[in-house]
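K.L.:
Pasting in a structure now, in structure tokens, and then I'll have a few things to ask.
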Amino acid sequence: DHDPDADRGLARGLFSERRALTTFLIWVVFGLDLLVTYLLLNWLPTLVVAKGFAAAAGAAASLWFNAFSVMGALMLGWLADMIGFRWPLLAVFLVLAAAMYGLAQATALPAIYGFAAAAGFTVVGGLYVLYALAPIYYPAQVRAAGAGAAIAVGRLGSIAGPLIAGELRGAGYSAGQVFQSMVPVVLVGAVAVFALMSVGKPENA
């Protein structure tokens with residue numbers, strides 16, 4: 001049977017004791033990271049082709065993106081263990097913004113591959129750091145639920161990313177303009193991370 005008390009307990013855990021803003025910021029960071037991740041996963045090859053390159057170049061860019069996403073997950077996870085997640089995660093979003101701008105402006109394949117690799121390293125690697133970030137802001141009794149809620153909200157971003165890219169292309173945006181439209185999105189993520197560092201209070205429990 002459904003337990004209304006459990007719902008109220010979860011809501012208190014997520015939003016009481018000045019955690020409402022923290023929860024909102026975590027959700028924003030998750031949502032924006034997954035928005036860019038799934039936009040690139042679904043549209044990177046197509047957008048490279050739209051820049052005038054062969055389909056093989058689009059597939060190669062996707063390969064660079066995915067290969068470096070594995071490296072990012074391993075290396076950023078290790079770095080977060082060593083020095084904490086806050087500053088590495090802020091750097092992730094700033095480098096990702098630069099990578100998206102680079103993808104927008106690049107006209108040579110080596111540059112496209114390099115920026116695709118940087119995007120994969122940061123956006124997917126940063127996601128794994130986020131999985132470790134969310135639970136520490138909640139008391140032990142709702143820690144798993146808090147992380148689960150953040151991931152669930154983030155999935156809205158994973159749905160929105162490919163849809164946004166499709167809408168932009170349908171509206172006549174060039175490949176470069178689609179990439180560049182993600183730069184302010186990523187910078188909002190960086191601001192949310194910085195705000196979370198400033199107002200969030202990690203739990204010791």
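K.L.:
Does residue 123 satisfy being open to solvent by less than 50 Å² (accessible area, probe 1.4 Å), closer than 24 Å to residue 193 by Cβ and of a type in the set (Val, Ile, Thr)?
P.N.:
It is true that residue 123 is open to solvent by less than 50 Å² (accessible area, probe 1.4 Å), closer than 24 Å to residue 193 by Cβ and of a type in the set (Val, Ile, Thr).
K.L.:
Where residues in the range 149-162 are under 18 Å from residue 192 (Cβ atoms) and not hydrophobic (A, V, I, L, M, F, W, C), which of them is most open to solvent (accessible area, probe 1.4 Å)?
P.N.:
So, considering only residues that are under 18 Å from residue 192 (Cβ atoms) and not hydrophobic (A, V, I, L, M, F, W, C), the one most open to solvent (accessible area, probe 1.4 Å) is 155.
K.L.:
How many of the residues in the range 71-91 are buried (at least 16 other Cβ atoms within 10 Å of the Cβ) and free of Cβ contacts under 8 Å to residues at least 60 places away in the same chain?
P.N.:
Final tally of qualifying residues: 9.
K.L.:
Residue 43 is checked against (1) without any contact (Cβ under 8 Å) to a residue 24 or more places away in the chain; (2) farther than 15 Å from residue 132 by Cα; (3) open to solvent by 50 Å² or more (accessible area, probe 1.4 Å) and fails just one. What number does that condition carry?
P.N.:
(1)
K.L.:
Something else about it: Does any residue in the range 151-164 that is under 17 Å from residue 43 (Cα atoms) and in a helix (DSSP H, G or I) come within less than 9 Å, Cβ to Cβ, of a residue that is of a type in the set (A, V, I, L, M, F, W, C) and open to solvent by 90 Å² or more (accessible area, probe 1.4 Å) six or more places away or on a different chain, and which pairs are these?
P.N.:
none
K.L.:
Considering (1) of a type in the set (Gly, Ala, Ser); (2) more than 13 Å from the chain's Cα centre (by Cα); (3) surrounded by 20 or more Cβ atoms within 10 Å (Cβ to Cβ), say which one residue 166 fails and leave the rest.
P.N.:
(3)
K.L.:
A further question on this structure: Is there a residue being open to solvent by less than 60 Å² (accessible area, probe 1.4 Å), within 30 Å of residue 169 (Cβ to Cβ) and in contact with a helix residue (DSSP H, G or I) (Cβ under 7 Å, 6 or more places away or on another chain) anywhere in the range 137-148?
P.N.:
No.
K.L.:
Got at least one residue in the range 83-100 being in a helix (DSSP H, G or I), touching a Pro at 6+ places or on another chain (Cβ under 8 Å) and among the aliphatic types (A, V, I, L, M)?
P.N.:
Checked against the condition, which is being in a helix (DSSP H, G or I), touching a Pro at 6+ places or on another chain (Cβ under 8 Å) and among the aliphatic types (A, V, I, L, M), the range 83-100 yields no hits at all.
K.L.:
Does the range 130-148 include one or more residues that are closer than 19 Å to residue 23 by Cβ, within 12 Å of the chain's Cα centre (by Cα) and either assigned to a helix (DSSP H, G or I) or not hydroxyl-bearing (Ser, Thr, Tyr) (or both)?
P.N.:
Yes: the range 130-148 contains one or more residues that are closer than 19 Å to residue 23 by Cβ, within 12 Å of the chain's Cα centre (by Cα) and either assigned to a helix (DSSP H, G or I) or not hydroxyl-bearing (Ser, Thr, Tyr) (or both).
K.L.:
Output the residues belonging to the range 169-180 that are open to solvent by 30 Å² or more (accessible area, probe 1.4 Å) and not charged (D, E, K, R).
P.N.:
170, 171, 172, 173, 174, 177, 180
K.L.:
Moving on to the next point. So how many residues does the range 127-136 have that are out of contact with any Pro (no Cβ under 6 Å at 6 or more places or on another chain), touching a residue at least 24 places away in the same chain (Cβ under 8 Å) and open to solvent by 30 Å² or more (accessible area, probe 1.4 Å)?
P.N.:
Count: 2.
K.L.:
Right, here's the next one. Being open to solvent by 20 Å² or more (accessible area, probe 1.4 Å), touching a residue at least 24 places away in the same chain (Cβ under 8 Å), among the hydroxyl-bearing types (Ser, Thr, Tyr) and closer than 24 Å to residue 134 by Cβ, is that true of even one residue in the range 62-70?
P.N.:
no
K.L.:
Related question: Does at least one position in the range 101-118 carry a residue that is without any contact (Cβ under 8 Å) to a residue 60 or more places away in the chain, among the polar types (S, T, N, Q) and buried (at least 20 other Cβ atoms within 10 Å of the Cβ)?
P.N.:
Checking the range 101-118: not a single residue is without any contact (Cβ under 8 Å) to a residue 60 or more places away in the chain, among the polar types (S, T, N, Q) and buried (at least 20 other Cβ atoms within 10 Å of the Cβ).
The values are calculated or read from the model by the stated rules, or taken from the named source; none is laboratory data. Since this is a predicted model, take the numbers as computed values, not measurements. Positions of Cβ are backbone-derived with ideal geometry, glycine not excepted, and every protein chain shown enters the neighbour counts. The protein model used for the area step is the full one, side chains on, heavy atoms only, and it has no ligands, DNA or RNA in it. Shrake-Rupley method; radii C 1.70, N 1.55, O 1.52, S 1.80 Å.
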